[in-house]
Amino acid sequence: MTGYALWLGVDGLRWTTGDEPGDSPEVTTGVNLIDHAPCNTGLSLVTAFLLPGMTHSQRFSIKDTRRDIEGTFRAEMVRHELKDVHGRTLLFYRKM
């Protein structure tokens, strides 16, 4: 059961190891990357300017030139934060 996830997606309730359909947003240093906290043993965290429409199990690309990390990952958790006039998206992912 490793890799399975349950979430409410665009096509209803999903229980699968597959990805949520949709575009793969790109998070890039100097464009929309605010912070990146990679972790080799657990969930890594990417903080980006608001990525509306980003959902659980959707693929995203990251180009972090400060840490020399580039790749495509599956978002295991997505949290959107709106405060005053600022918006951020937190993407939690696991290295494969």
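We did not get these values from a lab; they are worked out from the coordinates using the rules stated. All figures in this text were calculated on a predicted structure; none of them were measured in a lab. A quick note on method: Cβ atoms are made from the backbone with ideal geometry, for glycine too, and the neighbour counts reach across all protein chains shown.
Which label marks the calculated value of P(r) over Cα pairs in 5 Å bins from 0, in percent, given the options (i) 3, 14, 24, 21, 15, 11, 7, 4, 1, 0; (ii) 3, 13, 25, 25, 18, 11, 4, 1, 0; (iii) 3, 14, 18, 16, 13, 11, 8, 6, 5, 3, 2, 1, 0? It is the value labelled (ii). This ranking places M54, M77 by how few other beta-carbon atoms lie within 10 Å of each, fewest first, which gives M77, M54.
Backbone geometry of segment 24-37 corresponds, through the Karplus equation with coefficients 6.51, -1.76 and 1.60 at θ = phi - 60°, to 3J(HN,Hα) couplings of 9, x, 10, 10, 10, 4, x, 10, 9, 7, 9, 8, 9, 10 Hz, x marking Gly and Pro.
Hey, can you rank 61-72, 84-95 by average C-beta count inside 10 Å, highest first?
Working: 61-72: 13.2, 84-95: 15.3.
Packing order, densest peptide first, comes out as 84-95, 61-72.
Close amide H contacts of L50 (hydrogens built in the peptide plane, cut-off under 5 Å, sequence separation of 5 or more or a different chain): G87, R88, T89.
Here the simple spin-label model places points 7 Å from the Cα toward Cβ, and for I34 and K95 these points are separated by 2.4 nm.
Across segment 65-71, coupling constants 3J(HN,Hα) worked out from phi with the 6.51/-1.76/1.60 Karplus curve, θ = phi - 60°, read 6, 5, 10, 6, 10, 9, x Hz, and Gly and Pro carry x.
Scoring 14-23, 34-43 by mean Cβ neighbours within 10 Å over their residues and listing the highest first yields 14-23, 34-43. Annotation: for a label point projected 7 angstrom from Cα along Cα→Cβ of D84, residues of segment 44-62 with backbone N closer than 20 Å are 48-51.
Per-residue Karplus couplings for segment 50-57, computed as 6.51 cos²θ - 1.76 cosθ + 1.60 with θ equal to phi - 60°, are listed in order as 3, 10, x, x, 5, 10, 3, 6 Hz, Gly and Pro entered as x.
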